[in-house]
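The values are calculated or read from the model by the stated rules, or taken from the named source; none is laboratory data. Source: prediction; values computed, not measured. Every residue, glycine as well, gets a Cβ built from its backbone with ideal geometry; the counts of neighbours run over all protein chains shown. All accessible areas refer to the heavy atoms of the entire protein, side chains included, with ligands and DNA or RNA removed. Shrake-Rupley method; radii C 1.70, N 1.55, O 1.52, S 1.80 Å.
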Amino acid sequence: MALPIHNVELRPQGKLLIKGGKCVNEDRAFEADVYIEGGVIKEVGQNLTASSECKVIDATGKLILPGGIDTHTHMQLPFMGTFAIDDFYHGTKAAIAGGTTMIIDFVLDQRGVSPLQAYDKWRAWADEKVCCDYAFHVGITWWSEEVAKDMEVLVKEKGINSFKVFQAYKDVFMLDDGEILEVFKKTKELSAIAQVHAENGHVIDQKSQQMIDLGITGPEGHAMCRPEEVEGEATYRAIVLANQARCPLYVVHVMSKTAANVICEARRKGHVVFGEPIAACLGTDGTNYFHKCWRHAAAHVMGPPLRPDPSTPGYLMDLLANDDLQVTGTDNCTFNVDQKALGKDDFRKIPNGVNGVEDRMSVIWEKGVQSGKMDACRFVAVTSSTAAKIFNIYPKKGHIGVGSDADLVVWDPEATRTISAKTHNHACDFNIFEGMEVHGVPVVVISGGRVVKDEEGLHLTQGSGQFVPTPPNAPYVYGRVAARDQALAPQKVDREPYTGPVVELAVKVDNVKVTEAAPALSPDIVHRAPTRSGGRNMQESSFALSGEQIDDSKPRNQSRVTNPPGGKSHGLW
């Protein structure tokens, strides 16, 4: 369903001065004013003065943060027979409202569609609607030499540095291990980053049918056919494949303790792997699938599912706070209840996806900073800076410094709000964080040097956002990869050549031709060819109806063995 788009006149990139606030970067927090001109930060320092034409924003008692970067969205995604209801306008509008000034969306088309053609389609959708800057990851849903060539063009000419594969969604997006390995090898060759949706698609396919056979057709079946060990196994397998290709790996939507622990263990072993929990798994849990209201339960259906263990969100937040997990996205892919109702009689047909792009910053502040698990600097790292480093757009994005883009948020850490579908800016009719009170509210949002949110509300124009190319060979990623490649490169052992004797085989291996004449044997005995070394094949029968033995021609030992190995069969020991 197409929703109306309301334009507000685009505010010019004038001169702005943010005064009195505390700037927060991922490495330090400091008192400073920020002067902006032409969409770029021109000066950061104390006691800056404003000219007469400069707009002054009072940030006294507030924090000045880099605008959030949501690493994982699916705006207007065609999926499971319908389209995500948040298109690139409504989705980026919701992002701005929550303090996110850049999204990284996924180009994700069907098998057989050229990734290059899919990229052009998604660019056309996004460019005319986005209200904030954006970039793309590209999903690889099939494999061929043509796909490999498209990947090369996408990296070298189209500003793409990340490619996603699926181990789930059998017969739709899923690749087998051999194809995934080829994608990882090509990704490494291009100095790009591999991403993976980690779930065992074969297990899910069988267990989902098992649920239906048992008469379990509701949303709880979605959770029960995708237990967390299915995510953990696929995560481990993806890390192994990436390591064999020497390719850095980014695991999207880490939803379970099991998968998170696999990532942590791999990082401790030196693997270059990054983990991305999302707002949904940090702010709520999978007990919602067992809610008595079908609408409520179905609204939480996503893949991988939220985990029924209510301690999972806190566990994942602990890992995020301590850099065992690195960045946060949302997997924002929203559907209204009438779209979710496509699966009212079969959970397999419920479109997978939830909201999050508007509430991510506040949910993480509430569950991370307000709870005392992380400080404001770590908050900046997990909501913007680390993402900018991984995808090679730092310090243009994710940083407050001279020359950085003027994507900033004046953040009130003490203010509170209650999340609700009645007041959110999404196009969808349900919010998985309904009723949650959160601390941390963006009071002013600046995107590209323009004030796009203030006390008067939102000031947005569709198409005002810009596509941000993500160059390959990110130093934050490939600085380690290059050193590991050199350290782990296979080494030949230099040794003197062997000059000793070599046994002559009785059988030529190439055509299995016997070089010695075999003894004549009775036609009653079925014969097998000798072994490669010319010996008797022990699978060959030595029995004949005539009573003849295969070795009758050989002399027999006439002596009786009185003390066989193991001792006599009679007498005293």
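Below is a table of values for the structure above.
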| quantity | calculated |
| --- | --- |
| Share antiparallel - DSSP beta bridges, the chain, percent rounded to 5 | 50 |
| CD proxy at 222 nm, helix term only [per DSSP H run n ≥ 4: -39500 (n - 2.57); per residue of the chain; nearest 500] | -7500 deg cm²/dmol |
| Spherically averaged projected area of region 216-256 from its Cα convex hull (nm²) | 3.3 |
| Net charge of neighbours whose Cβ lies under 13 Å from the Cβ of Glu189, counting Lys and Arg as +1 and Asp and Glu as -1 | +3 |
| Span-like helix ranges in the chain, DSSP H, alpha carbon extent 20 angstrom or more, Kyte mean at least -1.0 | 228-244 |
| Kirkwood Rh and Cα Rg combined as Rg over Rh, evaluated for region 1-147 | 1.09 |
| Whole-number Å³ per residue for the convex hull built on Cα positions in region 366-475 | 149 |
| Pairs of Lys in region 377-489 closer than 22 Å at Cα, counting only those 8 or more apart or on different chains | 4 |
| Tail fraction, Cα-Cα pairs, region 80-158, threshold 22 Å, whole percent | 30 |
| Alpha-carbon Rg/Rh ratio, for region 127-239, with Rh computed the Kirkwood way | 1.07 |
| Candidate values (1) -0.40, -1.07; (2) -0.35, -0.99; (3) -0.40, -0.81, label of the one derived for log10 I(q)/I(0) by the Debye sum over Cα atoms at q = 0.06, 0.10 Å⁻¹ | (3) |
| Solvent-accessible area, 1.4 Å probe, carbon plus sulfur percent, for the chain | 51 |
| Average accessible area per residue (Å²) across the chain - probe 1.4 Å, nucleic acids and ligands excluded | 45 |
| Of Lys55/Lys129; Lys164/Lys269; Lys42/Lys257; Lys207/Lys373; Lys62/Lys121, those spanning more than 32 Å from alpha-carbon to alpha-carbon | Lys42/Lys257; Lys207/Lys373; Lys62/Lys121 |
| Stokes-Einstein D for region 295-444, Kirkwood Rh over Cα pairs, 37 °C, 0.692 mPa s (µm²/s) | 194 |
